[in-house]
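S.K.: Take this structure, written in structure tokens, and hold onto it; I'll ask about it next.
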Ligand code: V1P
Ligand code: CA
Ligand code: ZN
């Protein structure tokens, strides 16, 4: 890593004791103590690898209603707060706000979702006041939430709130979404503006959630060509994924000339994830992240999906080490959750032997189409 980055203290925001993390297949983590235990697996692994001494850890405060209303509608926030207070999972209006199947309204969900957004806002603030170059909030990254609608396990869109805050200081924000799913909530929020460029790499296949993110979705009005989608098929492995990301992102870096970068690094692209789609390892995602960090821009790093808990923790601990320029021991250190990392107790993940449906022709055609777009003209 460039020395300039390595020398700076890193700011890491955790909402550790009040995590809202739909990790795991139960998807109702807020009610189950064992699920919030899983939620602290990432932090504990980072800690047990001795990485915290290279960072400044901050306990952010809960955001005010006004801060949340920078993106979300008052009606939606009011409703979410009410059903969260009452633990009302059967309110007649809930469906209007996307609450239900993917986004159950369990007691306390509002505070949990808001406190995660508090972490992302604090991280954005630390980039704005120059107190660090890279700010992390692994519990953040809830990219599907809309202005007045919960969607895909996301209630509060901490990413949109973070970007809106960064825009108070920075002219052009580049958003990069490496989660398996299309970052629809963030793309929609900024689809009309040339000030925020959104790039999402994701699985795009009939019936796969959320169904948007085709290559022809490019933004609208003044924001035309400031949204870029990289739709991929099942089975992609590290080398091809890096090739696609790196090629696309280098072009965007040159043409858009961002002042600040926001990365959502959902870990549901990993081999062995229950989403059973891509076939990546943390090293592949790490190469993408490293090439982004080499731009030497202030960078906000967020989590997202990731439904195999030990692999998600492996991945985010490894990416934290990439940011810090540290090398981790290949063996998982002994710690509170050590037994979860069996049977091999190793940091690395082995890709599975699934077919990669992205042949070279598919990727070349994709990249040719991306390159055939008119360049976005910063205004
Ligand atoms: O597929 C859907 C719904 C079902 N409707 C017809 C559409 N929802 C997905 C939501 C995935 C959200 C991903 C979030 C993230 O991007 C991180 C912010 O990773 C879904 C899936 C699925 N396999 O796609 N919901 C569920 N599975 C689900 C499983 C068990 C219980 C409840 C929901
Ligand atoms: Ca994505
Ligand atoms: Zn996802």
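S.K.: Looking at (1) touching a strand residue (DSSP E or B) at 6+ places or on another chain (Cβ under 9 Å); (2) over 22 Å from residue 244 (Cα atoms), can you tell me which one residue 373 breaks?
M.R.: Every condition holds for residue 373 apart from (2).
S.K.: So which residues in segment 309-334 are under 19 Å from the mean Cα position of the chain (by Cα) and within 18 Å of residue 40 (Cβ to Cβ)? Write out each step before concluding.
M.R.: Of the residues in segment 309-334, the ones under 19 Å from the mean Cα position of the chain (by Cα) are 309-324.
Correct list: 309, 310, 311, 312, 313, 314, 315, 316, 317, 318, 319, 320.
S.K.: Do you know which of the residues in segment 124-142 that are under 30 Å from residue 87 (Cβ atoms) and touching a strand residue (DSSP E or B) at 6+ places or on another chain (Cβ under 6 Å) is farthest from ligand 2 (Cβ to nearest atom)? I'd like the intermediate steps shown before the answer.
M.R.: Initially, segment 124-142 is screened for residues under 30 Å from residue 87 (Cβ atoms), giving 137-142.
Remaining after also requiring touching a strand residue (DSSP E or B) at 6+ places or on another chain (Cβ under 6 Å): 137, 140-142.
Numbers: 137: 17, 140: 15, 141: 10, 142: 13 Å.
Ranking the candidates gives 137 first.
S.K.: If you don't mind, another one. Collect the residues in segment 168-182 that are in a loop (DSSP other than H, G, I, E, B) and either in contact with a strand residue (DSSP E or B) (Cβ under 6 Å, 6 or more places away or on another chain) or free of Cβ contacts under 8 Å to residues at least 24 places away in the same chain (or both), keeping them in residue-number order.
M.R.: Going residue by residue through segment 168-182, those that are in a loop (DSSP other than H, G, I, E, B) are 168-172, 178-182.
Hits for segment 168-182 are 170, 178, 179, 180, 181, 182.
S.K.: If a residue has to be within 16 Å of ligand 2 (Cβ to nearest atom), under 23 Å from residue 155 (Cβ atoms) and in contact with a strand residue (DSSP E or B) (Cβ under 8 Å, 6 or more places away or on another chain) to count, how many in segment 302-334 make the cut?
M.R.: Residues that pass the stated criteria total 5.
S.K.: In segment 129-148, is there at least one residue being buried (at least 23 other Cβ atoms within 10 Å of the Cβ), within 21 Å of the chain's Cα centre (by Cα) and over 30 Å from residue 325 (Cβ atoms)?
M.R.: Within segment 129-148, the subset buried (at least 23 other Cβ atoms within 10 Å of the Cβ) is 134-145.
Subset that is within 21 Å of the chain's Cα centre (by Cα): 134-145.
Retained after the next criterion (residues that are over 30 Å from residue 325 (Cβ atoms)): 144-145.
Yes, that holds for at least one residue.
S.K.: Further question on the same structure: Condition test on residue 185, is it surrounded by 19 or more Cβ atoms within 10 Å (Cβ to Cβ), over 13 Å from the mean Cα position of the chain (by Cα) and either touching a residue at least 24 places away in the same chain (Cβ under 8 Å) or closer than 29 Å to residue 67 by Cβ (or both)? Give the steps one after another, and end with the answer.
M.R.: Values: surrounded by 19 or more Cβ atoms within 10 Å (Cβ to Cβ): yes; over 13 Å from the mean Cα position of the chain (by Cα): no; either touching a residue at least 24 places away in the same chain (Cβ under 8 Å) or closer than 29 Å to residue 67 by Cβ (or both): yes.
No.
Let's see how each residue does on (1) within 16 Å of ligand 3 (Cβ to nearest atom); (2) in contact with a helix residue (DSSP H, G or I) (Cβ under 9 Å, 6 or more places away or on another chain):
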residue: 186; (1), (2): yes, yes
residue: 194; (1), (2): no, yes
residue: 202; (1), (2): yes, no
residue: 208; (1), (2): yes, no
residue: 211; (1), (2): yes, yes
residue: 217; (1), (2): no, yes
residue: 220; (1), (2): no, no
residue: 223; (1), (2): no, no
residue: 227; (1), (2): no, yes
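S.K.: Would you say residue 21 is modelled with pLDDT under 55, in contact with a helix residue (DSSP H, G or I) (Cβ under 9 Å, 6 or more places away or on another chain) and closer than 30 Å to residue 292 by Cα?
M.R.: Numbers: modelled with pLDDT under 55: yes; in contact with a helix residue (DSSP H, G or I) (Cβ under 9 Å, 6 or more places away or on another chain): yes; closer than 30 Å to residue 292 by Cα: yes.
The answer is yes for residue 21.
S.K.: Among the numbered criteria (1) assigned to a loop (DSSP other than H, G, I, E, B); (2) within 11 Å of ligand 1 (Cβ to nearest atom); (3) closer than 19 Å to residue 263 by Cα, which single criterion is violated by residue 104?
M.R.: Every condition holds for residue 104 apart from (3).
S.K.: Give just the number: which of (1) touching a residue at least 60 places away in the same chain (Cβ under 8 Å); (2) in contact with a helix residue (DSSP H, G or I) (Cβ under 8 Å, 6 or more places away or on another chain); (3) closer than 22 Å to residue 94 by Cα; (4) within 15 Å of ligand 2 (Cβ to nearest atom) does residue 147 not satisfy?
M.R.: (4)
S.K.: Now, a different point. Being farther than 21 Å from residue 177 by Cβ and within 16 Å of ligand 3 (Cβ to nearest atom) narrows it down to one of 309, 360, 264, so name that one.
M.R.: Working: 360 fails: within 16 Å of ligand 3 (Cβ to nearest atom); 264 fails: farther than 21 Å from residue 177 by Cβ.
Criteria check complete, one pass: 309.
S.K.: Given the conditions (1) closer than 26 Å to residue 135 by Cβ; (2) in contact (Cβ under 8 Å) with a residue 12 or more places away in the chain, report the number of the one that residue 327 does not fulfil.
M.R.: Going through the list (1) closer than 26 Å to residue 135 by Cβ; (2) in contact (Cβ under 8 Å) with a residue 12 or more places away in the chain, residue 327 breaks only (2).
S.K.: Hey, another quick one. Within segment 149-164, identify whether any single residue is more than 15 Å from ligand 3 (Cβ to nearest atom) and surrounded by fewer than 17 Cβ atoms within 10 Å (Cβ to Cβ), and answer yes or no.
M.R.: no
S.K.: Now, a different point. Can you name every residue in segment 355-377 that is over 25 Å from the mean Cα position of the chain (by Cα) and part of a loop (DSSP other than H, G, I, E, B)?
M.R.: 355, 359, 372, 373, 374, 375, 377
S.K.: Then there's this: Quick one: how many residues across segment 113-148 are within 26 Å of residue 210 (Cβ to Cβ) and in a loop (DSSP other than H, G, I, E, B)?
M.R.: 10
S.K.: Another question, then. Among the residues of segment 62-88, how many are touching a residue at least 60 places away in the same chain (Cβ under 8 Å) and under 24 Å from the mean Cα position of the chain (by Cα)? Break it down stepwise before answering.
M.R.: Pass one, segment 62-88, residues touching a residue at least 60 places away in the same chain (Cβ under 8 Å): 63, 67-68, 70-73, 75-76, 80.
Applying the additional criterion that residues be under 24 Å from the mean Cα position of the chain (by Cα) yields 63, 67-68, 70-73, 76, 80.
Qualifying residue count, segment 62-88: 9.
S.K.: Could you check segment 149-163 and list, in sequence order, the residues that are more than 10 Å from ligand 1 (Cβ to nearest atom) and assigned to a strand (DSSP E or B)?
M.R.: 149
S.K.: While we're looking at this one, here's another question. Any residue in segment 198-209 that is closer than 15 Å to residue 251 by Cα sitting within a Cβ distance under 7 Å of a residue that is away from ligand 2 (no atom under 12 Å from the Cβ) and assigned to a loop (DSSP other than H, G, I, E, B)? List the pairs, counting only those 6 or more apart or interchain.
M.R.: Every condition considered, the pairs that remain are 198/190.
The values are calculated or read from the model by the stated rules, or taken from the named source; none is laboratory data. Just so it is clear, the model here is predicted, and its values are computed rather than measured. Cβ coordinates were reconstructed from backbone atoms using ideal geometry, including for glycine residues, and neighbour counts include every protein chain displayed.
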